[in-house]
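Reading through the structure tokens given below for one structure.
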Amino acid sequence: MCGIVGYIGYRQAYPIVINGLKRLEYRGYDSAGICIMNGEPFLAKQKGKVSDLEKFIGSRKLEGTIGIGHTRWATHGEPNDINAHPHESMNGKFILIHNGIIENYSLLRTKLEKRGYSFKSETDTEVLVNLIEYIYLKGNVAAEIAVRLALTKVVGAYGIVVINRDEPETLIAARKGSPLVIGVGVGEYFIASDATPIVEFTKSVIFLNDNDVAVLQRNQMVLKTIYNKSLEPKIQQLDLDIESIEKGGYDHFMLKEIYEQPRSILDTFRGRISTNPFDIHLGGLYSVLSNLTDAKRIILIGCGTSWHAALVGEYLIEDLARIPVEVEYASEFRYRNPIINKDDVVIAISQSGETADTLAAVRLAKEAGALVLGICNVVGSSIPRETHAGVYTHAGPEIGVASTKAFTAQVTVLILMAILLGRKHGNLSEEKYEQLIKELTLIPEKIEKILLSEPTVKEISERFKDSRNFLYLGRGYFFPVALEGALKLKEISYIHAEGYPAAEMKHGPIALIDDTMPVVVIATKDSSYEKVVSNIQEVKARKGVVIAIVTEGDTTIKEMADYTIEIPEANEVVAALLTVIPLQLLAYHIALLRGCNVDQPRNLAKSVTVE
Ligand code: AGP
């Protein structure tokens, strides 16, 4: 949550910072602000989006080759101009942008108030900038020392960039818990919460680790810990292109990302499957494959959509490999004193690789001695760096706040893992093994076909755009898909929606059904088809309106349901990858028709780096 950008070099900083903020706006869009240094700072901040800030700055020509910027997802204090970043210290010595939460801010604020400090905002960030200033002035130390000392007194998470008025040719960046990447150019450095603002200038980057502090001047960077231990910067090369972070002709990132799925799924299994002879290679797991195969139990953890992927993973691994699996919300797992054994394997699933609860759960599982793996999308993010091993999803950057292609890429990795483990466990015959691999390779083509049904989905969306509630039902592999469909609808259209296992409906939710209640049922031809047909009849008997996702050519359900969307036939092991596509399109079109901001829904941020 919150995006931060910084630049120091020879180019004009304002366009770099403002365009960087636009790239990071998916991380929060409650307010935006910048500070451009030209000997003296020029500071501007505004409630609202980066475009509001741009309007506010207007045609003013901002000169300066050092600058910082922030786009905010509010934690402490409502979204308004005063709470927007950058924050300036009381005596104007420091200017700071911050992503994260200072948990002991209240205590620190009281202490500073006792020492004469007053505060303009309600933020934890203003406490930090004043703490730095207090140490700087009281201790008469260099700015870098004041920053480091202040950070040793802070409990919580931060990615910060600091300007000191007395050293106007320096930026100080530090991280703990919240991501920070430094782009390394010739005579210039870029700082950002992720690599997207940096990639058009340089592919050489340094991912800061927790407790790192970087002191940046145009021609030099000094890297150390907050405890003053010198560090050797580790420069890595980014594998990211500029096209992948732009809309490419689509109206929204979400639609682009829905349409990218044939490609992103292919990229996720490409190079990991061979068909002559049939085989699966997951290079990231080689070193731990025997632990994984011998695991007494696998615990899958994640949040939101990644948790839904974990549920699909549970069905897959138990079904194909017969290893017991538990699925946990990372936020519950980390606080509920879970039993973690040394022969458990914990797998953290996360698109961003930065979700605070998932990261904390990873650390907890590691401390308990379990082998901890990651399934993540963002290369170099915290979870892949902190887990023992793992698999990247290769979905490419996902910018829309509503996760689409990351979900299908996560499920693709879980399918590969389940098939691999199934074979190693001797649960899959050679024939079944080959059949499942083949089925997976056919998925991209089948998704292309489903995407052609967008006009049908649009028509259905017109009919239901004003509904107040939705139910989503599915059985087996499609229960998590029902949950995911409901989450997509609620997060971008603000319509209340719930997902249920279809058979659970009669234990309560059926009471809600009347002729105003659309019920989306995943009713493809699989092992529970007959049962789902009965569930549809139960809904129809109560005058519910049924939108069914059916297998091509199905006539039985067509006669019963009010609307049907067809998908190609597929083995149920891989079919979650297909059934979710119409649900993503449905949520997208309903949200669009309701005039909602599809890519940046209210109150949400892409990467939840606070608890
Ligand atoms: C999905 O549409 C959401 N915006 C959200 O639930 C997301 O999946 C969740 O915050 C987890 O994020 P992660 O995969 O980056 O850990």
Sparse-neighbourhood loop hits (trypsin sites (Lys or Arg not before Pro), segment 288-376; DSSP loop; Cβ within 10 Å at most 10 others) -> ARG336, LYS342
Farthest towards the positive end of the dipole of the chain, among TYR286, TYR158, MET1 and with Cβ unit charges of +1 on Lys and Arg and -1 on Asp and Glu, lies the Cα of TYR158
Of the candidates VAL413, PHE42, ALA482, the farthest towards the positive dipole end of the chain (Lys/Arg Cβ +1, Asp/Glu Cβ -1, centred on the Cα centre) is PHE42
Two pseudo-spin positions, 7 Å from Cα along C-beta at LYS506 and at THR441, lie apart in nanometres by 4.3
Partner aspartates and glutamates whose C-alpha sits under 20 Å from that of LYS438, ignoring same-chain residues fewer than 8 away, are ASP267, ASP279, ASP319, GLU430, GLU448, ASP526, GLU552, GLU569, GLU572
Taking the alpha-carbon centre of each part, the distance from segment 215-294 to segment 323-378 in Å is 20
Full extension between LYS247 and TYR335 adds, at 0.36 nm per residue less the Cα distance, a length in nm of 27.8 nm
Magnitude of the Cβ-charge dipole (Lys and Arg +1, Asp and Glu -1) of segment 502-611 about the Cα centre, nearest 20 debye, reported as 380
To the nearest 10 degrees, the tilt of helix 143-152 (Cα long axis) against the first principal axis of the alpha carbons of the chain is 50
On the formula 1/(1 + (r/R0)^6), with r taken between the Cβ atoms of ASN38 and HIS425 and R0 of 51 Å, the FRET efficiency rounded to 0.05 is 0.20
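When only DSSP loop residues count, what GluC sites (Glu not before Pro) in segment 515-567 have their Cβ near at most 10 other Cβ atoms within 10 Å?
Listed in order of number, the matching sites amount to none.
I'd like the chymotrypsin sites (Phe, Trp or Tyr not before Pro) in segment 199-260 restricted to DSSP loop residues with at most 13 other Cβ atoms within 10 Å, sorted by number. Write out the running numbers ahead of the final one.
Values: sites: PHE201, PHE207, TYR227, TYR250, PHE253, TYR259; in loops: PHE201, TYR227, TYR250.
Passing sites in segment 199-260 are TYR227.
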With all protein chains in place and a 1.4 Å probe, ASP210 shows an accessible area in Å² (nearest 10) of 50
The helix 13-24 Cα axis meets the longest alpha-carbon principal axis of the chain at an angle in degrees, between 0 and 90 and rounded to 10, of 30
Computed, not fitted: 222 nm per-residue ellipticity of the chain from DSSP H runs ≥ 4 (each -39500 (n - 2.57)), nearest 500, equal to -11500 deg cm²/dmol
Once both label points are put 7 Å beyond Cα along the C-beta direction, the LEU137-LYS61 separation in nm becomes 3.6
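So how much slack lies between GLU434 and ASP279, counting 0.36 nm per residue of separation and subtracting their Cα-Cα distance, in nm?
Working: separation 155, 0.36 × 155 = 55.80 nm, distance 0.82 nm.
Result for the pair: 55.0 nm of gain on full extension.
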Rounded to the nearest 10, the angle in degrees between the Cα long axis of helix 529-541 and the longest principal axis of the Cα atoms of the chain comes to 80
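Please get the size of the charge dipole for the chain, origin at its Cα centre, with Cβ charges of +1 on Lys and Arg and -1 on Asp and Glu, quoted in debye to the nearest 20. If you can, show how the numbers build up before the last one.
On the way: 66 positive and 76 negative charges, 310 e Å.
Computed charge dipole of the chain: roughly 1500 debye.
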For segment 89-164, whose charge dipole is built from +1 on Lys and Arg Cβ atoms and -1 on Asp and Glu Cβ atoms, the candidate among SER121, ILE97, ASN140 with its Cα farthest towards the positive end is ASN140
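How big is the Cα convex hull of the chain in projection, averaged over all directions, in nm²?
Working: hull surface 111.3 nm².
Projected area, direction-averaged: 27.8 nm².
The values are calculated or read from the model by the stated rules, or taken from the named source; none is laboratory data. Everything quoted here is computed from the prediction, not taken from an experiment. Here the Cβ is made from the backbone with ideal geometry for all residues, glycine too, and neighbour counts use every protein chain on show. Calculation scope for accessible area: heavy atoms of the full protein, side chains included, ligands and nucleic acids excluded. Shrake-Rupley method; radii C 1.70, N 1.55, O 1.52, S 1.80 Å.
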